[in-house]
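Structure record follows, encoded as structure tokens.
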Amino acid sequence: MTPAARLAAAIEVLTAVLDAVRVQGPAADTLLARYFRDRRYAGSKDRAAIRDTVYAVLRDCAWDAADARAALVAHLRAHDPDRLALFGADRYAPPALADDEGMTTGPWLPEWLEAAFIERFGDGWPVEQAALRDRAPLDLRVNTLKGSRAAAQAALAAEGIATEPLALSPWGLRAAGGAAVEKSRAFAAGLVEIQDLASQLLLQVADALPGE
């Protein structure tokens, strides 16, 4: 798929997601899986690019836009304006932009919702806001039956995947969101698995013994 075709695909998926939101239909990950199941020609890089675009737009509160195209255009104008040139770039691209399309966008959040967040988080709201708008990190749990956390960190680093130890979990590592952990040799060997920090903390609290 061309980069322009990926944008057109993202609009298709976003349209389905926004329609589903209005009727409490399937979640975005389900709709993405269905989309790719019906389009076997989309390669792994295509799927990753489309998925990343869809979730980035959703984090920008696409539900408040007039439609999926408007949500994507607003997102690109704010975060990646160079990609706007892809509209109308080839026969697989979304139609070309109108001169003033997406130039005026509303606030990221409705005033009533932002006020509620500010009331809840106070001075911490800017940090929470950044967390809501950015891609979540990827937490890993080290299988200490196969190696130490330091060994797992070194093995991942050797494959170009940087991680940091999680202070609250003796088995935890944190990678950047989107890191290709599942394609690594460390993952294939069972040295690490994907597990959120919250789940790791629950395991510590349970203090389960072997066989339980």
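The values are calculated or read from the model by the stated rules, or taken from the named source; none is laboratory data. Just so we're clear, the structure is a prediction, and the values are computed from it rather than from any experiment. Quick reminder, even Gly has a Cβ in these numbers, built from the backbone with ideal geometry, and neighbours come from all protein chains shown. The area values use the complete protein model at the heavy-atom level, side chains included, leaving out ligands, DNA and RNA. Shrake-Rupley method; radii C 1.70, N 1.55, O 1.52, S 1.80 Å.
So the values come out like this:
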item: Unique residue being touching a His at 6+ places or on another chain (Cβ under 6 Å) and crowded, with 19+ Cβ neighbours inside 10 Å when the list is Val73, Val17, Val57; result: Val57
item: Residue in the range 133-149 that is within 26 Å of Asp19 (Cα to Cα), in contact with a Leu (Cβ under 9 Å, 6 or more places away or on another chain), polar (S, T, N, Q) and open to solvent by 40 Å² or more (accessible area, probe 1.4 Å) present; result: no
item: In the range 184-194, the residues that are in contact (Cβ under 8 Å) with a residue 40 or more places away in the chain and either hydroxyl-bearing (Ser, Thr, Tyr) or surrounded by 19 or more Cβ atoms within 10 Å (Cβ to Cβ) (or both); result: Leu191, Val192
item: The one condition in (1) loosely packed, with under 11 Cβ neighbours inside 10 Å; (2) within 24 Å of the chain's Cα centre (by Cα); (3) among the aliphatic types (A, V, I, L, M); (4) more than 30 Å from Ala65 (Cβ to Cβ) that Val181 fails to fulfil; result: (1)
item: Subset of the range 86-124 [farther than 30 Å from Ala42 by Cβ, at pLDDT 85 or above and open to solvent by 90 Å² or more (accessible area, probe 1.4 Å)]; result: Glu119, Arg120, Asp123
item: Leu156 vs. criteria surrounded by 13 or more Cβ atoms within 10 Å (Cβ to Cβ), within 27 Å of Asp60 (Cα to Cα) and in contact (Cβ under 8 Å) with a residue 24 or more places away in the chain; result: no
item: Ala206 free of Cβ contacts under 8 Å to residues at least 40 places away in the same chain and not aromatic (Phe, Trp, Tyr); result: yes
item: Residue count for the range 49-75, restricted to those that are hydrophobic (A, V, I, L, M, F, W, C), closer than 21 Å to Asp29 by Cα and not in a helix (DSSP H, G or I); result: 2
item: Of the criteria (1) assigned to a helix (DSSP H, G or I); (2) aliphatic (A, V, I, L, M); (3) at pLDDT 85 or above, which one Ala131 fails; result: (3)
item: Pairs, first open to solvent by less than 40 Å² (accessible area, probe 1.4 Å) in the range 23-46, second among the basic types (Lys, Arg), C-beta under 7 Å, six or more apart; result: Leu32/Arg51; Phe36/Arg47; Asp46/Arg6
item: Those residues of the range 76-85 which are under 19 Å from the mean Cα position of the chain (by Cα) and either at pLDDT 90 or above or not in a helix (DSSP H, G or I) (or both), in sequence order; result: Leu76, Asp80, Arg83
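Yes/no matrix, rows are residues, columns are (1) among the acidic types (Asp, Glu); (2) closer than 21 Å to Leu132 by Cα:
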| position | (1), (2) |
| --- | --- |
| Thr2 | no, no |
| Ala16 | no, no |
| Ser44 | no, no |
| Ala49 | no, yes |
| Asp52 | yes, yes |
| Tyr55 | no, yes |
